[in-house]
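Encoded as structure tokens, the structure appears first; notes follow it.
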Amino acid sequence: MSQRLFDLAFPLAAPFWALMIVAPTWSWTRRIAGSPLIVLPALLVYPVAVLPVLPELVIEVSRPEFAGLRDLLGTDHGTAGAWAHMIAFDLFVGRWIYLDSRQRQLHPLIMAPVLVLTILLAPIGLGAYLAVRAVGSNRRKERPGTDEGAGREPAVTGRAASQP
């Protein structure tokens, strides 16, 4: 069962990653990625994977110790749960990166490798995006006649959002 859950987690997230990387300017990509619910399929794998070890997990996260957490993650259920956790949260971070980069009008060819890096190594991908974002903001400020907020698309929240 744990192996199946492990194998299921990434395929549940992959279509959303594909949209954000391969079709970032397509209107449906923005609509789909605009919903935080895109993480739900991968997120649902997590409780199923950890339910058999929930008492041990609660103990480990409430009073974490290296050896105990290592041992728990080394179990089939712990590995499947950790993988589902990573997949869901990496997608959530990737979704934020995608939406923020579209709002800032960062070029999709710059963003594609950042999103791929986020799939593989999310903390490094997030750091890379924050660097790209800072450089993009600095360049926008350096151009005469530009306004930091000008030309931005409104944030996608499912309802009308006011721009500052």
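Values in this text are rule-based calculations from the coordinates and carry no lab data. The model shown is predicted, which means the values in this text are computed figures rather than measured ones. Cβ sites come from the backbone with ideal geometry, for glycine too, and all protein chains shown count toward neighbours.
What full-extension length gain, to one decimal in nm, is calculated for residue 37 and residue 73 as 0.36 nm per residue of separation minus the Cα-Cα distance?
Separation in residues times 0.36 nm, less the Cα-Cα distance, equals 10.3 nm.
Taking just the alpha carbons, could you work out the radius of gyration and Dmax for segment 2-142, both in angstroms?
Expressed in Å, the Cα Rg and Dmax of segment 2-142 come to 17.2, 56.
Within 13 Å, Cβ to Cβ, of residue 75, how many net charges do the neighbouring residues add up to if Lys/Arg are +1 and Asp/Glu are -1? It would help to have the intermediate numbers written out before the result.
Values: positive: 70; negative: 56, 60, 71, 76.
Charge balance near residue 75 sits at -3.
Using each residue's phi in segment 33-50, evaluate 6.51 cos²θ - 1.76 cosθ + 1.60 at θ = phi - 60° and report the 3J(HN,Hα) Karplus result to the nearest Hz, with x for Gly and Pro.
For segment 33-50, the Karplus curve yields 5, x, 8, x, 5, 4, 7, 4, x, 5, 5, 5, 5, 4, x, 5, 5, 8 Hz.
Can you give me the C-alpha center-to-center distance between segment 6-49 and segment 97-117, rounded to a whole angstrom?
16
Through the Karplus equation 6.51 cos²θ - 1.76 cosθ + 1.60, θ set to phi - 60°, convert the phi angles of segment 109-122 into ³J(HN,Hα) values in whole Hz; use x for Gly and Pro.
In residue order, the calculated couplings are 6, 7, 6, 4, x, 5, 5, 5, 4, 5, 4, 7, 9, 3 Hz.
Note the full-extension length gain between residue 100 and residue 63 as 0.36 nm times their separation in residues minus their Cα-Cα distance, in nm to one decimal.
So the extension gain works out to 9.8 nm.
Which whole-number percent gives the relative contact order of segment 2-142, counting Cα pairs below 8 Å spaced six or more residues apart?
Values: 137 pairs, mean separation 42.1, N = 141.
After rounding, I find 30 percent.
Once a ≥ b ≥ c are taken as the square roots of the eigenvalues of the Cα gyration tensor of segment 88-135, is the result rounded (a/c under 1.5), prolate (a/b larger than b/c) or oblate (a/b not larger than b/c)? Show your work: numbers first, answer last.
On the way: a/c = 1.68, a/b = 1.42, b/c = 1.18.
Prolate, because a/c is 1.5 or more and a/b exceeds b/c.
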